[in-house]
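J.: Below is one structure. I have some questions about it.
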Amino acid sequence: MDIINRINSTRYLGREFLTWLWYRSSLQDGIFEMTDGPLEVWFDAKLTLEAQGDVKESNIIKAENPTETQEAHAALLNGKLVSDARLRLVSGQKQWTLSVKGDSLAISGVKIPALLSREDDDQLYERFMLIEEAEDTVHALFQQFMELRMDDDAWRPEVQAIRGWVHGVSVA
């Protein structure tokens, strides 16, 4: 299988990831356990949900807490998945905001925490390190998702729980 076909055949995973991230963030009060300590993940300012398949119907929600809107929940009920999200990541005293595209997991519009360095060269290096840290954090979250997604015994009940969450029913 050539690389283009492989990318196209797995493109849905990014949308599933962002939708799962919303579910888990909602379920866990935004807290994810990472190897270097707890991480808060919040959906912030803009959320795009799209239908899967040939029809390109989408909902773009711009709100302070877009995941709390009725429109976002209605889109989930209609089978749409998150295709683009603005996220706020908080780790210790550091906070980033960034956008993630579901189809490619491309990260853009990164706002980094305040810089501590005073020298220009040090500030540039610090900026690069903070951007890399944000990217590594998104990749670590995706890795958590993929480990769960690849384990059929763990993924089946997760899907049932997500469906219950979407429909407002608690699944034990």
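J.: So, of the residues in region 79-103 that are more than 12 Å from the chain's Cα centre (by Cα), within 29 Å of Trp165 (Cβ to Cβ) and of a type in the set (S, T, N, Q), which turns out to be surrounded by the fewest Cβ atoms within 10 Å (Cβ to Cβ)?
T.: Gln95
J.: Checking Trp42 against (1) outside any loop (DSSP other than H, G, I, E, B); (2) open to solvent by 50 Å² or more (accessible area, probe 1.4 Å); (3) at pLDDT below 95, which single condition isn't satisfied?
T.: Every listed condition holds for Trp42 apart from (3).
J.: Does Asp2 satisfy the criteria of being open to solvent by 60 Å² or more (accessible area, probe 1.4 Å) and closer than 30 Å to Gln93 by Cα? Break it down stepwise before answering.
T.: Values: open to solvent by 60 Å² or more (accessible area, probe 1.4 Å): yes; closer than 30 Å to Gln93 by Cα: no.
Answer is no for this residue.
J.: Under 6 Å between Cβ atoms, at least 6 apart or on separate chains: pull out the pairs that start in region 4-18 with a residue that is aromatic (Phe, Trp, Tyr) and end on any residue that is at pLDDT 70 or above and in a helix (DSSP H, G or I).
T.: Note: pairs meeting the criteria are Phe17/Phe142; Phe17/Phe145.
J.: Right, another one. Which is without any contact (Cβ under 8 Å) to a residue 24 or more places away in the chain, open to solvent by less than 80 Å² (accessible area, probe 1.4 Å) and β-branched (Val, Ile, Thr), of Ile107, Ile61? Full working, then the answer.
T.: On the way: Ile107 fails: without any contact (Cβ under 8 Å) to a residue 24 or more places away in the chain.
Within the list Ile107, Ile61, the selection yields Ile61.
J.: Mind checking which residues of region 121-170 are within 21 Å of Ile107 (Cβ to Cβ), among the aromatic types (Phe, Trp, Tyr) and without any contact (Cβ under 8 Å) to a residue 60 or more places away in the chain?
T.: Tyr125, Phe128, listed by residue number.
The values are calculated or read from the model by the stated rules, or taken from the named source; none is laboratory data. Just so it is clear, the structure is predicted and the values come from calculations on it, not from any experiment. Reconstructed Cβ throughout: ideal geometry from the backbone, glycine too, with neighbour counts over all protein chains shown. Surface areas here come from the heavy atoms of the whole protein model, side chains and all, with no ligands, DNA or RNA. Shrake-Rupley method; radii C 1.70, N 1.55, O 1.52, S 1.80 Å.
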